[in-house]
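Engineer: Shown below is the structure under consideration.
What follows draws every value from the coordinates through simple rules; no lab data is involved. Just so we're clear, the structure is a prediction, and the values are computed from it rather than from any experiment. When we count neighbours, we look across all protein chains shown, and the Cβ atoms used for this are built from the backbone with ideal geometry, even at glycine.
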Number of protein chains: 2
Amino acid sequence: MTTQIKPNKKEVTREKNQKLILDAAEQLFSQLGYDGASMSMVAKEAQVPKANILYYFKSKDGLYESVIDRIIANWNLGLDNVTINDDPATVLYNYIKSKVILAVEQPMQSRLFASEILRGAPYLQNYFRTNTRPWVKQKVDVLQAWMDADKMDKVDPYHLLFTIWSTTQYYADFQAEVLLVMNKLEYDETDVAQITQSITHIILKGIGLKIPEQSEN
Amino acid sequence: MTTQIKPNKKEVTREKNQKLILDAAEQLFSQLGYDGASMSMVAKEAQVPKANILYYFKSKDGLYESVIDRIIANWNLGLDNVTINDDPATVLYNYIKSKVILAVEQPMQSRLFASEILRGAPYLQNYFRTNTRPWVKQKVDVLQAWMDADKMDKVDPYHLLFTIWSTTQYYADFQAEVLLVMNKLEYDETDVAQITQSITHIILKGIGLKIPEQSEN
DNA sequence: AGCTTTACTGACCAAAAGGTCAATTACTAA
DNA sequence: TTAGTAATTGACCTTTTGGTCAGTAAAGCT
């Protein structure tokens, strides 16, 4: 498919090892934070000599940045291609639902971002400025257009987005608290539906929309 | 007032120093997390010899626990003495408003808790089990009673509480993100009102309540 | 096969971490 | 006063940290 003619054994093993390392690092950083996770822990977890990690990633900072970069590369902010002509209820319902599923099924990435932002987002500043901010601006415009067309209540679109983000991510970032309060050991199959149901009820109704009919999927 | 007859110079200076240390520790832990803040940083910030901190608090863990304990001691979960006879709209409106004010005006404590929960709440487990969980149980009962009496929509009361917590705390814990996205340097005077307005509109209307008339205060 | 170059890593290092302790300095009570 | 006790802390210790580097192994190329 690509121009790659010879698989090049060197590159193959390097990429395999780098993936091993990045996986281990992602897990440890999200579990223990930047300072809590050490290079030797990552090395042990990835079953790779510590010097090898430094060889690939130059420094702990470099490794951390690579972990974040990889997450961002696969990051989908959702709400792609929304336009004024779309139905706000359907769009927002699906957005919330997908964020809840993400929060429950892969909380690690959300937590890594959370601990990064808690520290003042030293490595994400640039990302927020160049990616998130324009993305938000665009969605805000669509939301505003919907409001102007009286398709939904007039609320500050920024705070509406923050409300959606906070309510959904909460189940990933604060999982420990949620489970302790609800006296559960882990989320079960019914929780995703229950959470989605509650959040969408409150938010959609809260901005004057009706929960759309469930489509099959 | 108290039985304290002689002020006892020793105790006085000890408490003064401990306060100095706890203040510094609270700031540093909330800024850098448990692993990110070191004993020598705390010592420098509190302008006290490091050995003195160890003398008072036995270990870094001990200091951290004391910081958390002090916060908890002054912690007010709010919603005290709510009963079924209260007006849900007024109660919830005031609760949300007070949480927003707290988030904007003193985000440090919220962030300390957040980073603690992110790590799986090693030091808060007990607190959640013995304090938060019963507190929640009680509020959940009141909410349920309101729902049963058709005073508000029937939604899962646990998730309603999580929604309130998440939306309000977001402005403390993720301040860096909020400010970056909104392209601000810091919250200004109008933000508290704006945030409260947006959140209460969405949540109260979302559970079938009307925003109560503003009382003077 | 042999030569070059890149990939790798064990051994090592300085700095910083949390923590101990013996010596010194306050206080207190008689 | 002064003896006794508790408070304080400078010096020191061990472990771990992120990071370097010289030497070895492994491809790649002709």
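Engineer: Between Rg and the Kirkwood Rh of the protein assembly as shown, both from Cα atoms, what is the Rg to Rh ratio? Intermediate values should be presented prior to the final figure.
Structural biologist: Numbers: Rg = 23.9 Å, Rh = 23.9 Å.
In the protein assembly as shown, Rg relative to Rh is 1.00.
Engineer: Of the options A:Phe162, A:Ala25, A:Trp146, report the single residue whose Cα projects farthest towards the positive end of the charge dipole of chain A (beta-carbon charges: Lys, Arg +1; Asp, Glu -1).
Structural biologist: Most positive-ward Cα: A:Ala25.
Engineer: How large is the dipole of the protein assembly as shown about the Cα centre if only Lys and Arg carry +1 and Asp and Glu carry -1, each at its Cβ, rounded to the nearest 20 debye?
Structural biologist: I would put it at about 1760 debye.
Engineer: I need the shape label for region A:1-126. Rule: rounded when a/c is under 1.5, else prolate if a/b > b/c, else oblate, with a, b, c from the alpha carbon gyration tensor.
Structural biologist: In terms of gyration-tensor shape, oblate.
Engineer: May I ask for the equivalent-ellipsoid semi-axes of region A:79-122, computed as the square root of five times each C-alpha gyration tensor eigenvalue and listed largest first in whole Å? Can you show the working numbers first?
Structural biologist: Numbers: eigenvalues 149, 40, 9 Å².
The answer is 27, 14, 7 Å, longest axis first.
Engineer: Label-point separation (nm) for B:Ala51 and A:Asp153, each offset 7 Å from Cα along Cα-to-Cβ?
Structural biologist: My value for the distance between the label points is 6.2 nm.
Engineer: Label region B:88-206 by shape, choosing from rounded, prolate and oblate, from the square roots a ≥ b ≥ c of the eigenvalues of the Cα gyration tensor; if a/c is under 1.5 it is rounded, and otherwise prolate applies when a/b is larger than b/c, oblate when it is not.
Structural biologist: oblate
Engineer: Next up: Lys/Arg Cβ at +1, Asp/Glu Cβ at -1, dipole of chain B taken about the Cα centre: which of B:Leu180, B:Ile207, B:Ile195 is farthest positive-ward?
Structural biologist: Farthest towards the positive pole: B:Leu180.
Engineer: For the Cα atoms of chain B, what angle does the longest principal axis make with the long axis of helix B:189-206, in degrees from 0 to 90, nearest 10?
Structural biologist: Long axis of B:189-206 versus the principal axis of chain B: about 50 degrees.
Engineer: Where does the protein assembly as shown land at 222 nm, in deg cm²/dmol rounded to the nearest 500, when only DSSP H runs of n ≥ 4 count, each adding -39500 (n - 2.57), divided by all residues?
Structural biologist: For the protein assembly as shown, the value works out to -22000 deg cm²/dmol.
Engineer: Which lysines have a Cα lying under 23 Å from the Cα of B:Lys9, excluding residues fewer than 8 positions away in the same chain?
Structural biologist: B:Lys19, B:Lys50, B:Lys58
Engineer: Next question. For B:Met182, which inter-copy label distances result when the label point lies 7 Å beyond Cα on the Cα-to-Cβ vector, reported in nm to one decimal and in ascending order?
Structural biologist: 3.0
Engineer: Same structure again: Taking B:Asn131 in one copy and the same position in all the others, each labelled 7 Å out along Cα→Cβ, what are the pairwise distances from the first, in nm, shortest first?
Structural biologist: Distances to the matching label points in the other copies: 3.8 nm.
Engineer: Which net charge results when you count Lys and Arg as +1 and Asp and Glu as -1 among the other residues whose beta-carbon is under 9 Å from that of B:Met39? Write down the numbers at each step before the final one.
Structural biologist: Values: positive: B:Lys50, B:Lys60; negative: none.
Here the count lands on +2.
Engineer: Can you list, bin by bin at 10 Å, the percent of alpha carbon pairs in chain A, starting at 0?
Structural biologist: 7, 27, 28, 23, 12, 3, 0
Engineer: Right, something else. Placing a label point 7 Å from Cα toward Cβ, how far apart in nm is A:Lys10 from its equivalents in the other copies, listed shortest first to one decimal?
Structural biologist: For A:Lys10, the other copies' label points sit at 7.1 nm, shortest first.
Engineer: Net charge near B:Leu22, counting Lys/Arg +1 and Asp/Glu -1 over other residues with Cβ under 13 Å of its Cβ?
Structural biologist: That works out to -2.
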